[in-house]
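Everything below concerns the one structure shown next.
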Amino acid sequence: MKKRILLGGLSLLLLFAGCSVWQSALKSTFPYKTSLTVPKSSPVNTKLSVAGTAKSFDQDFNKNGNNADEVSNVRVVSAKIVSDDPSDFDLGNFSTIKVYISKADSSAEVPVASRTDITPMVGNSMVLDIDNNHKLDEEVKEPNVRIRMEYQLRNHIDVNAHLRIVLGVRASP
């Protein structure tokens, strides 16, 4: 009896896995995450950038690395930056942060989030202002996407800051 229920549930899951509604729901559930390192040698009051590869957890469920073939109208709906190491690194050391997303080869780069009014002593976590004016349909169809953070430091930092950027997206079937 349990085997029949399990097989029935698995069959339904596989049936819906190809459906655009299912793919949109998956794409809208799992955020894109990347880790970036801001070196302690970064000069103050100078625009610099760091980049990394971002991946969404749902990409691991598909043989080619993505399940977004049937989704459209993909837009960023949330953006957050967190200091991972040191965990008490103050993001108030930055005066501005701008986040861009592109294909893995750096093509089709679009702005997705920013913060230009960062106050000193903001803490180790900060929500960014999103820019959802751009569709990311082509970028999320790639097995990996590139996240680039442009930043300007307010203060000199004494450690390499390991940061995590989390971008939540929403998709339509």
Between residue 135 and residue 53, with labels modelled 7 Å along Cα→Cβ, what's the label distance in nm to one decimal, could you check?
2.7 nm
Step through the table entries 40/103; 80/135; 47/135; 40/135; 40/141, compare each Cα-Cα distance with 24 Å, and write down the pairs that go over it.
40/103; 47/135; 40/135; 40/141
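Bear in mind these aren't lab numbers, they're just calculated from the coordinates by the rules spelled out. Owing to the predicted nature of the structure, the values given are computational and were not obtained by experimental measurement. In this analysis, Cβ positions are derived from the backbone assuming ideal geometry, glycine residues included, and neighbour counts consider all displayed protein chains.
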